[in-house]
Amino acid sequence: RDSGRILDMQDVQFFNDIIQSDLYEMMCALDLGVDDSTALWFFKRYEDKIFVFGYHEARRLGAQDYADYIRKNYPQVRRLIVPHDARVKEWGSGKTRVESLIDLKFRPIVCPSVSLSDGIFAVRETFSNIYFDENGIKKGL
């Protein structure tokens, strides 16, 4: 399989058309860090393609801080893809991260817990259909 692609000039107009269109839902995938950074990847899907155009990371912030960042920079985002461990209850609040995100008016989708080999396989199957905006995600590369 091919790897994900950094956009070349012929892809740029198509990519921009998808990103600018209100027909395709803007979403965010989060890697929720506790001892390391939390990463936010912003993307839109079109048919079998995924267009990744934004990236942000920070450390030791709460759900409200990330919600504020998303609302300020990507106000169309409502649905968040979160890892399976987002169902764990926090000691301080007694709520799961999913519950906290729902309270903040987002619609989290929890990824299933899969084996390492299944996760690698899924990425290999998907990666050739992912297009990256190098300028928007430079720090995440």
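Suppose the filter is modelled with pLDDT of 80 or more, under 15 Å from residue 131 (Cα atoms), among the basic types (Lys, Arg) and open to solvent by 50 Å² or more (accessible area, probe 1.4 Å); does residue 60 pass it? It is false that residue 60 is modelled with pLDDT of 80 or more, under 15 Å from residue 131 (Cα atoms), among the basic types (Lys, Arg) and open to solvent by 50 Å² or more (accessible area, probe 1.4 Å).
Looking at residue 40, is it modelled with pLDDT of 90 or more, surrounded by 14 or more Cβ atoms within 10 Å (Cβ to Cβ) and under 24 Å from residue 115 (Cα atoms)? In short, yes. Scanning segment 88-109 for residues that are touching a residue at least 40 places away in the same chain (Cβ under 8 Å) and of a type in the set (A, V, I, L, M, F, W, C) returns a single hit, 104. Among the residues of segment 90-141, those that are open to solvent by 80 Å² or more (accessible area, probe 1.4 Å), aliphatic (A, V, I, L, M) and over 15 Å from the mean Cα position of the chain (by Cα) comprise 102, 114, 116.
Between 35, 65, the distinction of being open to solvent by 50 Å² or more (accessible area, probe 1.4 Å) and at pLDDT below 90 belongs to 35 only.
Across segment 84-105, the number of residues qualifying as part of a loop (DSSP other than H, G, I, E, B) and modelled with pLDDT under 90 comes to 7. Determine if segment 58-81 includes at least one residue that is within 26 Å of residue 16 (Cβ to Cβ), in contact with an Asp or Glu (Cβ under 8 Å, 6 or more places away or on another chain) and assigned to a strand (DSSP E or B). There is at least one residue in segment 58-81 that is within 26 Å of residue 16 (Cβ to Cβ), in contact with an Asp or Glu (Cβ under 8 Å, 6 or more places away or on another chain) and assigned to a strand (DSSP E or B). The requirement of being assigned to a loop (DSSP other than H, G, I, E, B), open to solvent by less than 80 Å² (accessible area, probe 1.4 Å) and modelled with pLDDT under 90 is fulfilled nowhere in segment 43-57; no residue meets it. Each residue in segment 106-141 was checked for being assigned to a helix (DSSP H, G or I) and aromatic (Phe, Trp, Tyr), and 2 of them qualify.
The values are calculated or read from the model by the stated rules, or taken from the named source; none is laboratory data. Fair warning: this is a prediction, and the values are worked out from it, not measured in the lab. Cβ sites come from the backbone with ideal geometry, for glycine too, and all protein chains shown count toward neighbours. To get the accessible areas, we keep the full protein, side chains included, count just its heavy atoms, and leave off ligands, DNA and RNA. Shrake-Rupley method; radii C 1.70, N 1.55, O 1.52, S 1.80 Å.
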